1. Please list, ordered by residue number, the strands (runs of 3 or more DSSP E) wholly in the stretch 1-69 having 3 or more residues that are in contact with a strand residue (DSSP E or B) (Cβ under 8 Å, 6 or more places away or on another chain) and more than 21 Å from residue 98 (Cα to Cα).
2. Can you find a residue that is more than 17 Å from residue 84 (Cβ to Cβ) and under 17 Å from the mean Cα position of the chain (by Cα) anywhere in the stretch 20-34?
3. Out of the residues in the stretch 23-32 meeting the condition of being of a type outside the set (Asp, Glu) and surrounded by fewer than 18 Cβ atoms within 10 Å (Cβ to Cβ), tell me which one is nearest to residue 123 (Cα to Cα).
4. If only one of 57, 76, 122 is among the aliphatic types (A, V, I, L, M) and at pLDDT 90 or above, which one is it?
5. Mind checking which residues of the stretch 51-88 are of a type in the set (Gly, Ala, Ser) and surrounded by fewer than 19 Cβ atoms within 10 Å (Cβ to Cβ)?
6. Please count how many residues of the stretch 184-196 are surrounded by fewer than 19 Cβ atoms within 10 Å (Cβ to Cβ) and either hydrophobic (A, V, I, L, M, F, W, C) or at pLDDT 90 or above (or both).
Amino acid sequence: MVIKMKRKILIVEDEVRMNNLIKDFLVREDFQIIQAYDGEVGLDYIIEDPTIDLVILDVMLPKIDGWSVLREVKKLDKHLPVLMLTARSQADDELFGFNLGANDYVTKPFNMKILIARIHALFNRDINHQEESLIDYQWIKQDKLSHQFIIENEALDLTPNEYNLLEYLLENKNIALTREKILNNVWGYDYYGDIRTIDTHIKRLRKKIEPFHDKIKTVRSVGYTIEVD
């Protein structure tokens, strides 16, 4: 007998009544629900629980606002769907959210059936793109659905930053990338750490992609590139 696993949804909404209302409707749809009432707790759940399938995220939250949570989510996992909830209705706000990586956007007040339809649409989009999720770079494969890189049928054990770094290099394969460009695109423009963190992560990546460590090349006076024939 095949046991169907319930999809797990995290609701991050500070209005208790609204949070519980959404939960009740989604439980009826046979989803597994986690609730958080501020951005800090919501982000902790996302970091600690890799089995979360979707995040419903309010914009106006205590401690950490929804935009900041969204930024951190997309740094950790670009492929975790995030549906934004907000009382705002300006088109600029929606565009801002999409630019940060939001997958969909629902403005309060909303019809609960519409919210559920949007959630199902996000999950169906994943199912429809399963075959497209596997990218073959010849010596390494990327499974975007499971968020893994695979070498010789073995999944690599990568941290979120290592994963994002390797993904960025492969998306720009055979192109010499400066350290500044890598830092801005992987760590974000608001990162204020040492640029030498790039060198540290490259060193770790080379060890983890054995026996293809020499595919990541140092470009003198520039930065790095990754070779794909």
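1. Where strands (runs of 3 or more DSSP E) fall fully within the stretch 1-69 and carry at least 3 residues being in contact with a strand residue (DSSP E or B) (Cβ under 8 Å, 6 or more places away or on another chain) and more than 21 Å from residue 98 (Cα to Cα), they are 32-36.
2. Taking every residue of the stretch 20-34 in turn, none turns out to be more than 17 Å from residue 84 (Cβ to Cβ) and under 17 Å from the mean Cα position of the chain (by Cα).
3. 32
4. Just a single option satisfies the conditions, and that option is 57.
5. 68, 87
6. Of the residues in that region, 1 qualify.
The values are calculated or read from the model by the stated rules, or taken from the named source; none is laboratory data. Note that the structure is a prediction, hence the values are computed from the model and not measured. Virtual Cβ from ideal backbone geometry, glycine too; neighbours counted across all protein chains shown.
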